[in-house]
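The values are calculated or read from the model by the stated rules, or taken from the named source; none is laboratory data. Keep in mind that this is a model prediction, so the values were computed, not measured. Glycine gets a Cβ as well: all are built from the backbone with ideal geometry, and neighbour counts include every protein chain shown.
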Amino acid sequence: MAVETDESGWEVDPDDEWGVAVITTVGRQLKLRREAAGMRAGDFGVAVGYGEDLVYKVEGGKRIPRQEYLDRADEVLGAGGLISAAWEDVKKVRYPKKVRELGKLEGKAVEIGLYECNIIAGLLQTPEHARALIEAAQPPYSPDDVDRMVAARLARRSVYERDPAPSMHFVLEEAPLRRQVGGTMVWRQQLERLLEVGRLHNVTLQVMPTNADAHPGLDGRIELLKFPDGTAVGRSDGAFNGRPITDPKHLRIVELRYGTIRAQALSPRESLAFIETLLGET
(Lines give C-alpha, C1' and ligand atoms only; values in the text may rest on other atoms or scores of the structure.)
Protein backbone atom coordinates (compact mmCIF):
# COMPACT_ATOMS: atom_id res chain seq x y z
CA MET A 1 0.00 0.00 0.00
CA ALA A 2 1.28 3.45 -0.92
CA VAL A 3 1.77 5.65 2.11
CA GLU A 4 0.23 9.12 1.91
CA THR A 5 2.86 11.48 3.23
CA ASP A 6 0.43 14.39 3.11
CA GLU A 7 -0.99 15.08 6.53
CA SER A 8 -4.61 14.12 6.03
CA GLY A 9 -6.25 15.94 8.90
CA TRP A 10 -6.73 19.34 10.46
CA GLU A 11 -4.91 21.28 13.13
CA VAL A 12 -6.61 21.51 16.51
CA ASP A 13 -7.45 25.03 17.64
CA PRO A 14 -5.78 25.34 21.07
CA ASP A 15 -8.47 27.83 22.17
CA ASP A 16 -11.22 25.30 21.46
CA GLU A 17 -11.35 23.50 24.81
CA TRP A 18 -14.07 21.05 23.87
CA GLY A 19 -12.39 20.27 20.55
CA VAL A 20 -9.04 19.67 22.26
CA ALA A 21 -10.68 17.35 24.81
CA VAL A 22 -12.43 15.27 22.14
CA ILE A 23 -9.37 14.91 19.90
CA THR A 24 -7.06 14.17 22.84
CA THR A 25 -9.37 11.38 24.02
CA VAL A 26 -9.68 9.86 20.54
CA GLY A 27 -5.91 10.05 20.04
CA ARG A 28 -5.24 8.36 23.38
CA GLN A 29 -7.63 5.51 22.54
CA LEU A 30 -5.96 5.03 19.16
CA LYS A 31 -2.54 4.84 20.78
CA LEU A 32 -3.68 2.34 23.43
CA ARG A 33 -5.24 0.08 20.81
CA ARG A 34 -2.17 0.27 18.57
CA GLU A 35 0.16 -0.59 21.45
CA ALA A 36 -2.13 -3.40 22.60
CA ALA A 37 -1.87 -4.84 19.11
CA GLY A 38 1.94 -4.72 19.39
CA MET A 39 2.37 -2.33 16.45
CA ARG A 40 4.93 0.43 16.23
CA ALA A 41 3.78 3.81 14.93
CA GLY A 42 5.76 3.44 11.71
CA ASP A 43 4.33 0.00 10.96
CA PHE A 44 0.84 1.18 11.80
CA GLY A 45 1.28 4.17 9.49
CA VAL A 46 2.26 1.88 6.62
CA ALA A 47 -0.72 -0.39 7.35
CA VAL A 48 -3.25 2.44 7.29
CA GLY A 49 -1.56 4.26 4.42
CA TYR A 50 -0.43 7.41 6.22
CA GLY A 51 2.89 8.82 7.36
CA GLU A 52 4.37 8.04 10.78
CA ASP A 53 4.44 11.74 11.66
CA LEU A 54 0.68 11.99 11.21
CA VAL A 55 0.17 8.93 13.40
CA TYR A 56 2.05 10.60 16.25
CA LYS A 57 0.17 13.87 15.81
CA VAL A 58 -3.24 12.19 15.82
CA GLU A 59 -2.36 10.07 18.87
CA GLY A 60 -0.99 13.15 20.63
CA GLY A 61 -4.20 15.12 20.10
CA LYS A 62 -2.46 17.61 17.79
CA ARG A 63 -4.28 16.67 14.63
CA ILE A 64 -7.95 16.04 13.84
CA PRO A 65 -8.22 12.74 11.93
CA ARG A 66 -10.44 12.45 8.91
CA GLN A 67 -13.08 9.75 8.63
CA GLU A 68 -11.05 7.58 6.27
CA TYR A 69 -8.15 7.54 8.74
CA LEU A 70 -10.41 6.25 11.51
CA ASP A 71 -11.99 3.66 9.21
CA ARG A 72 -8.58 2.32 8.14
CA ALA A 73 -7.37 2.27 11.74
CA ASP A 74 -10.49 0.34 12.78
CA GLU A 75 -9.85 -2.27 10.09
CA VAL A 76 -6.12 -2.64 10.81
CA LEU A 77 -6.64 -2.92 14.59
CA GLY A 78 -9.72 -5.15 14.32
CA ALA A 79 -11.75 -2.78 16.50
CA GLY A 80 -15.09 -4.02 15.21
CA GLY A 81 -16.36 -0.54 14.41
CA LEU A 82 -15.47 1.09 17.74
CA ILE A 83 -12.78 3.32 16.25
CA SER A 84 -14.94 4.21 13.25
CA ALA A 85 -17.70 5.18 15.67
CA ALA A 86 -15.44 7.91 17.09
CA TRP A 87 -16.16 9.87 13.93
CA GLU A 88 -19.54 10.86 15.41
CA ASP A 89 -17.66 12.92 18.02
CA VAL A 90 -14.77 13.99 15.80
CA LYS A 91 -16.98 15.40 13.05
CA LYS A 92 -18.58 17.80 15.54
CA VAL A 93 -15.26 19.48 16.30
CA ARG A 94 -13.56 19.34 12.89
CA TYR A 95 -14.75 22.85 12.04
CA PRO A 96 -13.44 26.03 13.70
CA LYS A 97 -15.20 26.97 16.94
CA LYS A 98 -16.69 30.18 15.55
CA VAL A 99 -18.15 28.35 12.56
CA ARG A 100 -19.62 25.65 14.82
CA GLU A 101 -21.24 28.28 17.00
CA LEU A 102 -22.70 30.07 13.97
CA GLY A 103 -23.96 26.79 12.52
CA LYS A 104 -25.57 25.90 15.84
CA LEU A 105 -27.42 29.24 15.94
CA GLU A 106 -28.54 28.91 12.32
CA GLY A 107 -29.73 25.39 13.10
CA LYS A 108 -32.07 26.73 15.82
CA ALA A 109 -33.31 29.89 14.11
CA VAL A 110 -36.84 30.12 12.72
CA GLU A 111 -35.90 33.22 10.76
CA ILE A 112 -32.55 34.14 9.19
CA GLY A 113 -31.92 37.54 7.64
CA LEU A 114 -28.62 38.43 5.98
CA TYR A 115 -27.23 41.36 4.03
CA GLU A 116 -23.82 41.01 2.36
CA CYS A 117 -22.03 43.89 0.69
CA ASN A 118 -18.72 42.47 -0.60
CA ILE A 119 -19.28 38.76 -1.22
CA ILE A 120 -22.06 36.28 -1.89
CA ALA A 121 -23.32 35.01 1.47
CA GLY A 122 -21.71 31.77 2.67
CA LEU A 123 -25.08 29.99 2.88
CA LEU A 124 -25.52 30.66 -0.85
CA GLN A 125 -22.05 29.71 -2.11
CA THR A 126 -21.24 26.70 -4.27
CA PRO A 127 -18.24 24.56 -3.19
CA GLU A 128 -16.17 25.88 -6.10
CA HIS A 129 -17.00 29.52 -5.37
CA ALA A 130 -16.23 29.06 -1.66
CA ARG A 131 -12.88 27.47 -2.46
CA ALA A 132 -11.90 30.24 -4.87
CA LEU A 133 -12.71 32.90 -2.25
CA ILE A 134 -10.77 31.15 0.51
CA GLU A 135 -7.77 30.46 -1.72
CA ALA A 136 -7.60 34.17 -2.57
CA ALA A 137 -6.73 35.07 1.03
CA GLN A 138 -3.36 36.67 1.80
CA PRO A 139 -1.30 35.31 3.41
CA PRO A 140 -2.58 32.09 1.85
CA TYR A 141 -4.03 29.26 3.91
CA SER A 142 -2.48 25.79 3.77
CA PRO A 143 -4.26 23.24 1.52
CA ASP A 144 -5.55 21.43 4.63
CA ASP A 145 -6.92 24.64 6.09
CA VAL A 146 -8.62 25.48 2.78
CA ASP A 147 -10.28 22.04 2.75
CA ARG A 148 -11.39 22.48 6.34
CA MET A 149 -12.85 25.93 5.77
CA VAL A 150 -14.67 24.90 2.60
CA ALA A 151 -16.13 21.87 4.37
CA ALA A 152 -17.22 24.03 7.29
CA ARG A 153 -18.94 26.52 5.01
CA LEU A 154 -20.77 23.78 3.12
CA ALA A 155 -21.84 22.05 6.34
CA ARG A 156 -23.91 25.12 7.21
CA ARG A 157 -26.09 24.41 4.17
CA SER A 158 -27.82 21.69 6.21
CA VAL A 159 -30.11 24.54 7.32
CA TYR A 160 -31.96 24.05 3.99
CA GLU A 161 -32.84 20.48 4.97
CA ARG A 162 -34.53 21.38 8.25
CA ASP A 163 -38.17 20.49 8.79
CA PRO A 164 -39.94 22.77 9.37
CA ALA A 165 -37.82 25.01 7.17
CA PRO A 166 -36.75 28.39 8.57
CA SER A 167 -37.76 31.59 6.83
CA MET A 168 -34.64 32.95 5.11
CA HIS A 169 -34.05 36.41 3.65
CA PHE A 170 -30.94 37.45 1.71
CA VAL A 171 -29.94 40.81 0.25
CA LEU A 172 -26.85 40.83 -1.97
CA GLU A 173 -25.11 43.72 -3.66
CA GLU A 174 -24.91 43.73 -7.45
CA ALA A 175 -21.11 44.08 -7.62
CA PRO A 176 -20.23 40.66 -6.08
CA LEU A 177 -22.72 39.03 -8.46
CA ARG A 178 -20.77 40.41 -11.42
CA ARG A 179 -17.35 39.38 -10.10
CA GLN A 180 -16.32 36.18 -11.91
CA VAL A 181 -14.77 34.46 -8.90
CA GLY A 182 -13.10 31.21 -9.96
CA GLY A 183 -13.58 31.83 -13.69
CA THR A 184 -16.57 31.94 -16.00
CA MET A 185 -17.81 28.39 -15.40
CA VAL A 186 -17.64 28.65 -11.59
CA TRP A 187 -19.32 32.05 -11.80
CA ARG A 188 -22.16 30.71 -13.95
CA GLN A 189 -22.68 27.77 -11.58
CA GLN A 190 -22.85 30.23 -8.68
CA LEU A 191 -25.50 32.33 -10.40
CA GLU A 192 -27.49 29.17 -11.17
CA ARG A 193 -27.26 28.21 -7.49
CA LEU A 194 -28.66 31.61 -6.52
CA LEU A 195 -31.62 31.08 -8.85
CA GLU A 196 -32.18 27.60 -7.43
CA VAL A 197 -32.16 28.78 -3.81
CA GLY A 198 -34.08 31.96 -4.59
CA ARG A 199 -37.00 29.89 -5.89
CA LEU A 200 -37.38 27.88 -2.66
CA HIS A 201 -40.68 28.54 -0.91
CA ASN A 202 -38.98 29.59 2.34
CA VAL A 203 -36.29 31.82 0.78
CA THR A 204 -36.45 35.46 -0.29
CA LEU A 205 -33.49 36.66 -2.35
CA GLN A 206 -33.04 40.33 -3.25
CA VAL A 207 -30.40 42.26 -5.16
CA MET A 208 -29.28 45.78 -4.27
CA PRO A 209 -28.39 47.49 -7.58
CA THR A 210 -25.26 49.60 -7.69
CA ASN A 211 -27.27 52.62 -8.87
CA ALA A 212 -29.39 52.59 -5.70
CA ASP A 213 -29.27 55.47 -3.23
CA ALA A 214 -27.07 55.29 -0.13
CA HIS A 215 -28.40 52.83 2.45
CA PRO A 216 -27.52 51.63 6.01
CA GLY A 217 -25.55 48.62 4.78
CA LEU A 218 -22.75 50.54 3.10
CA ASP A 219 -20.54 50.10 6.16
CA GLY A 220 -20.78 46.31 6.20
CA ARG A 221 -22.57 43.04 6.76
CA ILE A 222 -25.81 42.71 8.73
CA GLU A 223 -27.21 39.48 10.16
CA LEU A 224 -30.37 38.74 12.16
CA LEU A 225 -31.35 35.38 13.67
CA LYS A 226 -34.70 34.88 15.43
CA PHE A 227 -35.54 31.84 17.58
CA PRO A 228 -38.73 29.95 18.52
CA ASP A 229 -38.81 31.38 22.06
CA GLY A 230 -39.00 34.95 20.73
CA THR A 231 -35.36 35.81 21.40
CA ALA A 232 -33.00 37.01 18.71
CA VAL A 233 -29.37 37.82 18.00
CA GLY A 234 -28.14 40.40 15.53
CA ARG A 235 -24.90 41.83 14.23
CA SER A 236 -24.07 44.84 12.10
CA ASP A 237 -20.55 45.79 11.03
CA GLY A 238 -21.46 49.44 11.42
CA ALA A 239 -23.01 49.29 14.90
CA PHE A 240 -21.98 48.21 18.41
CA ASN A 241 -18.40 47.56 17.22
CA GLY A 242 -19.67 44.69 15.08
CA ARG A 243 -20.36 42.53 18.15
CA PRO A 244 -23.35 40.13 18.32
CA ILE A 245 -26.12 41.78 20.34
CA THR A 246 -29.26 40.42 22.04
CA ASP A 247 -30.59 43.48 23.89
CA PRO A 248 -34.06 44.34 22.46
CA LYS A 249 -33.21 48.06 22.20
CA HIS A 250 -30.08 47.31 20.18
CA LEU A 251 -31.84 44.68 18.10
CA ARG A 252 -34.42 47.23 17.01
CA ILE A 253 -31.62 49.33 15.52
CA VAL A 254 -30.24 46.36 13.57
CA GLU A 255 -33.76 45.42 12.43
CA LEU A 256 -34.38 49.00 11.28
CA ARG A 257 -31.17 48.95 9.23
CA TYR A 258 -31.99 45.60 7.68
CA GLY A 259 -35.59 46.55 6.96
CA THR A 260 -34.49 49.74 5.21
CA ILE A 261 -32.07 47.78 3.05
CA ARG A 262 -34.75 45.27 2.03
CA ALA A 263 -37.10 48.12 1.14
CA GLN A 264 -34.49 49.74 -1.15
CA ALA A 265 -33.44 46.53 -2.90
CA LEU A 266 -35.08 45.06 -5.99
CA SER A 267 -38.13 42.93 -5.29
CA PRO A 268 -37.59 39.13 -5.17
CA ARG A 269 -39.11 38.71 -8.65
CA GLU A 270 -37.03 41.56 -10.09
CA SER A 271 -33.92 40.13 -8.39
CA LEU A 272 -34.30 36.67 -9.94
CA ALA A 273 -34.90 38.29 -13.33
CA PHE A 274 -31.75 40.38 -12.83
CA ILE A 275 -29.67 37.24 -12.10
CA GLU A 276 -31.14 35.53 -15.15
CA THR A 277 -30.08 38.54 -17.21
CA LEU A 278 -26.52 38.25 -15.87
CA LEU A 279 -26.46 34.61 -16.91
CA GLY A 280 -27.65 35.56 -20.37
CA GLU A 281 -24.80 38.04 -20.80
CA THR A 282 -22.15 35.27 -20.75
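Couple of notes before you dig in:
- Segment 101-114, residues that are at pLDDT 90 or above and either over 16 Å from R153 (Cβ atoms) or in the same structural domain as F44 (by TED's automatic domain parsing) (or both): V110, E111, G113
- R156, sole failed condition from (1) closer than 28 Å to R257 by Cβ; (2) modelled with pLDDT of 95 or more; (3) of a type outside the set (D, E): (2)
- Within segment 199-257, if we keep just the residues that are part of a loop (DSSP other than H, G, I, E, B), modelled with pLDDT of 90 or more and among the polar types (S, T, N, Q), the residue that is nearest to G107 (Cα to Cα) turns out to be N202.
- Note on segment 127-188: enclosed helices (runs of 4 or more DSSP H) holding 3 or more residues that are free of Cβ contacts under 8 Å to residues at least 60 places away in the same chain and surrounded by 14 or more Cβ atoms within 10 Å (Cβ to Cβ) are 127-135, 143-155.
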